[in-house]
Amino acid sequence: MQVQGLEDVVAAESSICFIDGDKGILSYRGIDIHELARKSTFEEVCFLLWEGRLPAREELAATQREIGAERAIPGEILSFLASLARTAAPMEALRTAVSALSAADPDGADMSPAANRRKARRLTGQIGTVVAAYERLRRGQAVVPPDPGRSHADDILRMLGGQTAPSSAVRALDIALILHADHELNASTFAARVTAATLSDMHSAVTSAIGTLKGPLHGGANEAVLQMLREIGSLDRVDADIRARLARKERIMGFGHRVYSTEDPRATHLREMSRQVAESSATTLWYDMSQRIEQIVNAEKKLNANVDFYSASLYFMLGIPPDLFTPLFAVSRISGWTAHVLEQYAHNRLIRPRAEYTGPSYPQPYVPMDAR
Ligand SMILES: CC(C)(COP(=O)(O)OP(=O)(O)OC[C@H]1O[C@@H](n2cnc3c(N)ncnc32)[C@H](O)[C@@H]1OP(=O)(O)O)[C@@H](O)C(=O)NCCC(=O)NCCS
């Protein structure tokens, strides 16, 4: 067994997400991600992940209303965010705000299944607003209150930019939210389940997950991709730069995956969306550079682009600041995290693995202080 990194270890039973990494298949509750990306909405996917089936028309309308209503965040959390606005990075602010939101949650310490379902919807709504409000606060702009009548993607872009975003941008973000919503036992979801399995509360589980998503080997990779694109700066510098990085044995962010040996099916959509947005933008530079990097890394390292590679150029062309890329990942993945936490509570057993001991052999003498 591969102990390092728990590779290929099955650590939970779950009926939420199916991945076949050799065939490049990803499905939520058995429905193929390509179909969901083409036909669904983020709110519909939330219902699917939480309830295990697609909603009927009225159920979808109710889910949209509930998430929309839950986008409102308490005034004390906004004041708290304002107090962080000069120093904290958005991902730190989000992690801290979710932890703080537990104290303001109307369901409090209620751990009943009904209260936890409400918390799942509430956190899904609130996280979008926290990210948008924090961005406005750190820019010294007035916070734009949520409009519960809009879709999640539409309202987040409006709360960020202060005006209604074009429908093409709204649909692009909606698809990105669908694509990022769940991914089986990825590191942050595993962290959420480990926390939930101690019967700790939903806010604690999501706070653990956000802290885990933040790392550059996980959700933080999308921001790192944009940093790389900016460092390279022009199409004619891509070849030399990427080859030099590979020669220095650096990791190229946005490539490789623990589970997929073929193309990450999410990358297929994000590449296409990045291309489409580039073609209607002032410049196609970020897409062109990304495409060239992909060709080189494919050829030299046989590594495929993952979900984080083309989301970087896509979000940047949509006018989203790079350090919001990972928080936006959380805005989507909250649906998967909370679905997994609900599933964990429903069939709980403490998650407590063992370690293979590699320290000094037992027993070692306890050497008195004066003799050390
Ligand atoms: C995702 C990731 C963490 C998976 O890691 P893993 O399953 O533990 O794979 P390993 O780190 O063991 O890598 C296996 C080999 O591929 C290489 N490799 C993996 N990803 C690479 C990358 N992005 N760039 C260059 N080489 C890479 C490793 O150097 C290693 O080569 P070696 O055997 O010669 O040392 C890894 O591919 C990575 O760091 N990617 C970049 C970060 C990223 O995009 N994360 C988002 C994931 S959705």
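The values are calculated or read from the model by the stated rules, or taken from the named source; none is laboratory data. The structure presented is a predicted model; accordingly, all values stated were derived computationally and were not measured. Cβ atoms come from the backbone with ideal geometry, glycine included; neighbour counts cover every protein chain shown. The protein model used for the area step is the full one, side chains on, heavy atoms only, and it has no ligands, DNA or RNA in it. Shrake-Rupley method; radii C 1.70, N 1.55, O 1.52, S 1.80 Å.
When you scan the stretch 122-130, do you find a residue that is surrounded by 15 or more Cβ atoms within 10 Å (Cβ to Cβ), out of contact with any helix residue (DSSP H, G or I) (no Cβ under 6 Å at 6 or more places or on another chain) and assigned to a loop (DSSP other than H, G, I, E, B), even just one?
No, the stretch 122-130 contains no residue that is surrounded by 15 or more Cβ atoms within 10 Å (Cβ to Cβ), out of contact with any helix residue (DSSP H, G or I) (no Cβ under 6 Å at 6 or more places or on another chain) and assigned to a loop (DSSP other than H, G, I, E, B).
Looking at Ala192, Ala224, Ala197, which one is of a type in the set (A, V, I, L, M), surrounded by fewer than 24 Cβ atoms within 10 Å (Cβ to Cβ) and over 24 Å from His269 (Cβ atoms)?
Details: Ala192 fails: surrounded by fewer than 24 Cβ atoms within 10 Å (Cβ to Cβ); Ala224 fails: over 24 Å from His269 (Cβ atoms).
Every option except Ala197 fails the conditions.
For the stretch 214-248: of the residues being touching a residue at least 24 places away in the same chain (Cβ under 8 Å) and of a type in the set (Gly, Ala, Ser), which is nearest to the ligand (Cβ to nearest atom)?
Once the filter is applied, the top-ranked residue is Ala221.
A quick yes/no check of all residues on (1) within 14 Å of the ligand (Cβ to nearest atom); (2) surrounded by fewer than 24 Cβ atoms within 10 Å (Cβ to Cβ); (3) of a type outside the set (S, T, N, Q):
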| site | (1), (2), (3) |
| --- | --- |
| Glu300 | yes, yes, yes |
| Asn304 | yes, yes, no |
| Tyr310 | yes, no, yes |
| Leu314 | no, no, yes |
| Pro321 | no, yes, yes |
| Phe325 | yes, no, yes |
| Leu328 | no, no, yes |
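When Leu199 is evaluated against the numbered criteria (1) of a type outside the set (S, T, N, Q); (2) closer than 25 Å to Ser112 by Cβ; (3) not in a loop (DSSP other than H, G, I, E, B), which criterion, by number, is the only one it fails?
(3)
Note down all Cβ pairs under 6 Å where the first residue falls in the stretch 147-176 and is open to solvent by 60 Å² or more (accessible area, probe 1.4 Å), the second is of a type outside the set (Val, Ile, Thr), and they're at least six residues apart or on different chains.
Pro148/Gly68; Pro148/Ala69; Thr164/Arg158
How about the stretch 303-322: which of its residues are among the β-branched types (Val, Ile, Thr) and either more than 22 Å from Asp154 (Cα to Cα) or out of contact with any His (no Cβ under 8 Å at 6 or more places or on another chain) (or both)? Walk me through how you get there before you give the answer.
Of the residues in the stretch 303-322, the ones among the β-branched types (Val, Ile, Thr) are 307, 320.
Ile320, the sole residue that qualifies.
I need the full set of residues from the stretch 186-213 which are of a type in the set (A, V, I, L, M, F, W, C), touching a His at 6+ places or on another chain (Cβ under 8 Å) and within 15 Å of the ligand (Cβ to nearest atom), in order please.
Ala187
Does the stretch 19-40 include one or more residues that are more than 16 Å from the ligand (Cβ to nearest atom), at positive phi and open to solvent by less than 40 Å² (accessible area, probe 1.4 Å)?
The answer is no, given that none of the residues of the stretch 19-40 is more than 16 Å from the ligand (Cβ to nearest atom), at positive phi and open to solvent by less than 40 Å² (accessible area, probe 1.4 Å).
Residues in the stretch 267-279: is at least one in contact with a helix residue (DSSP H, G or I) (Cβ under 8 Å, 6 or more places away or on another chain), away from the ligand (no atom under 14 Å from the Cβ) and basic (Lys, Arg)?
Checked the stretch 267-279: at least one residue is in contact with a helix residue (DSSP H, G or I) (Cβ under 8 Å, 6 or more places away or on another chain), away from the ligand (no atom under 14 Å from the Cβ) and basic (Lys, Arg).
For the stretch 294-311, does any single residue satisfy the condition of being among the hydroxyl-bearing types (Ser, Thr, Tyr) and under 22 Å from Ala209 (Cα atoms)? Explain how you work it out, then say what you get.
We begin by selecting, within the stretch 294-311, every residue among the hydroxyl-bearing types (Ser, Thr, Tyr); these are 310-311.
Now narrow it down to the ones that are under 22 Å from Ala209 (Cα atoms): 311.
Looking for residues that are among the hydroxyl-bearing types (Ser, Thr, Tyr) and under 22 Å from Ala209 (Cα atoms), one finds at least one in the stretch 294-311, hence yes.
Exactly one of these conditions fails for Ile77: (1) over 18 Å from Ile334 (Cα atoms); (2) among the β-branched types (Val, Ile, Thr); (3) open to solvent by 30 Å² or more (accessible area, probe 1.4 Å). Give me its number.
(3)
Could you check Glu343 against (1) modelled with pLDDT of 95 or more; (2) charged (D, E, K, R); (3) open to solvent by 80 Å² or more (accessible area, probe 1.4 Å) and say which number it fails?
Of (1) modelled with pLDDT of 95 or more; (2) charged (D, E, K, R); (3) open to solvent by 80 Å² or more (accessible area, probe 1.4 Å), only one is false for Glu343: (3).
Does the stretch 265-287 contain at least one residue that is of a type in the set (Gly, Ala, Ser), surrounded by 21 or more Cβ atoms within 10 Å (Cβ to Cβ) and at pLDDT 95 or above?
Pass one, the stretch 265-287, residues of a type in the set (Gly, Ala, Ser): 267, 274, 278, 280-282.
Those left that are additionally surrounded by 21 or more Cβ atoms within 10 Å (Cβ to Cβ): 267, 274.
Next, only the ones that are at pLDDT 95 or above stay: 267, 274.
Yes, some residue in the stretch 265-287 is of a type in the set (Gly, Ala, Ser), surrounded by 21 or more Cβ atoms within 10 Å (Cβ to Cβ) and at pLDDT 95 or above.
For the stretch 333-350, does any single residue satisfy the condition of being under 23 Å from the mean Cα position of the chain (by Cα), farther than 29 Å from Arg136 by Cβ and within 16 Å of the ligand (Cβ to nearest atom)?
no
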